[in-house]
Amino acid sequence: MKKKLLAQLMALTMAASFVACGSNGGQSESPVADSSTESDIAYIQEKGTLIVGITDFAPMDYKDESGNWIGFDADMAAAVAESLGVDVEFVEIDWDNKILELENKSIDVVWNGMTLTPEVTNAMETTKAYCNNAQVVVVNAEDAANVNSVDDVADMSFAVESGSAGEEAASSNGFDYVAVKTQSDAIMEVAAGTSDACIIDLLMAGAMIGEGTSYPTLSHTVELTTEEYGVGCRKGSDLAEYINDQFKALYDDGTMEEIAKKYGVQESLVAQ
């Protein structure tokens, strides 16, 4: 009887040992994959859509008369989505929350004339630069002749897009400013007379202010910064390098320049 009981106890002990070995988190055959090693490309292809985080920012991302998103960045994103074999979807985001939107997988990329600042490159996996840009001061055309340097605008009130390179430029120069939701809102502040000036991207200024635009009585003046645009992906994502490869191919075959000319940004292109 004692021998039989001892044999049962030994059998139970061995079974428990096998269960413990099978539940060891350090084993390579664990079904739970480390998210840092997962392929973003595979994830996007599996769900069938590349979700692009944007703001209304001509000439990079804006809507045509039919309500479709167009622009240099929009067209480039569509081309990359096509190369992946997926659809493209554009989602307007709060620019302040772009990093969180990526991490939560609400979007797959930030592709909206995004300046490659240290904050961005530290928080995201970014592509190489594809466009040059600058932050410029926009004022009423009648005042533009008197604005030749930063000192000439030091006492003005500014409007800037919250979380943008324009806000960073205003802060670093000690300007009095109010932060608004988008660069378009910043322009409207000046047009309405609620701010003396705004700081926006040079590429946007070329498309939206001056003769023949929606804001013919506004003019851009001094450049506060020079910068480069890149596309932002999730940290560690393999998508950034894929987009770099697509940029190279689209640059070499002339497609990138063709799209750039369509929106008047060809002079800002960075060779790939």
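The values are calculated or read from the model by the stated rules, or taken from the named source; none is laboratory data. Computed from a predicted model, the values in this text were never measured in an experiment. Virtual Cβ from ideal backbone geometry, glycine too; neighbours counted across all protein chains shown. Just the protein is used for accessible areas: all its heavy atoms, side chains included, with ligands, DNA and RNA removed. Shrake-Rupley method; radii C 1.70, N 1.55, O 1.52, S 1.80 Å.
Brief remarks follow.
- Scanning region 123-145 for residues that are of a type in the set (F, W, Y) and either surrounded by fewer than 16 Cβ atoms within 10 Å (Cβ to Cβ) or under 25 Å from E189 (Cβ atoms) (or both) gives no hits.
- Lone unmet requirement of (1) more than 29 Å from Q272 (Cβ to Cβ); (2) in contact with a Gly (Cβ under 6 Å, 6 or more places away or on another chain); (3) of a type outside the set (S, T, N, Q) for I199: (1)
- Any hit, region 43-55, residues being among the aliphatic types (A, V, I, L, M), buried (at least 19 other Cβ atoms within 10 Å of the Cβ) and part of a helix (DSSP H, G or I): yes
- Any hit, region 86-100, residues being in contact with a Phe, Trp or Tyr (Cβ under 7 Å, 6 or more places away or on another chain), open to solvent by 10 Å² or more (accessible area, probe 1.4 Å) and touching a residue at least 40 places away in the same chain (Cβ under 8 Å): no
- Meets criteria (open to solvent by less than 50 Å² (accessible area, probe 1.4 Å), touching a residue at least 60 places away in the same chain (Cβ under 8 Å) and over 23 Å from G53 (Cα atoms)) for V120: no
- Out of G166, G174, sole residue that is of a type in the set (G, A, S) and within 17 Å of A134 (Cα to Cα): G166
- Residue count for region 241-272, restricted to those that are open to solvent by 70 Å² or more (accessible area, probe 1.4 Å) and in a helix (DSSP H, G or I): 10
- Checked against (1) at pLDDT 95 or above; (2) in a helix (DSSP H, G or I); (3) open to solvent by 40 Å² or more (accessible area, probe 1.4 Å), D73 meets all criteria but (3).
- The set of residues in region 233-263 being over 16 Å from N132 (Cα atoms) and touching a strand residue (DSSP E or B) at 6+ places or on another chain (Cβ under 8 Å) consists of C233, R234, K235, G236, S237, L239, A240, I243.
- Cross-chain or 6+ apart pairs with Cβ under 6 Å, region 165-184 first and buried (at least 16 other Cβ atoms within 10 Å of the Cβ), then in a helix (DSSP H, G or I): Y177/A170; A179/E167; V180/A186; Q183/M204
- Across region 210-232, the number of residues qualifying as open to solvent by less than 20 Å² (accessible area, probe 1.4 Å), at pLDDT 95 or above and over 18 Å from N132 (Cβ atoms) comes to 1.
For (1) crowded, with 21+ Cβ neighbours inside 10 Å; (2) modelled with pLDDT under 95; (3) within 20 Å of N244 (Cα to Cα), each residue gets a yes or a no:
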residue	(1), (2), (3)
E82	no, no, yes
E103	no, no, no
D108	yes, no, yes
G113	yes, no, yes
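- Residue match in region 196-205 (condition: modelled with pLDDT under 95, open to solvent by less than 20 Å² (accessible area, probe 1.4 Å) and over 18 Å from the mean Cα position of the chain (by Cα)): yes
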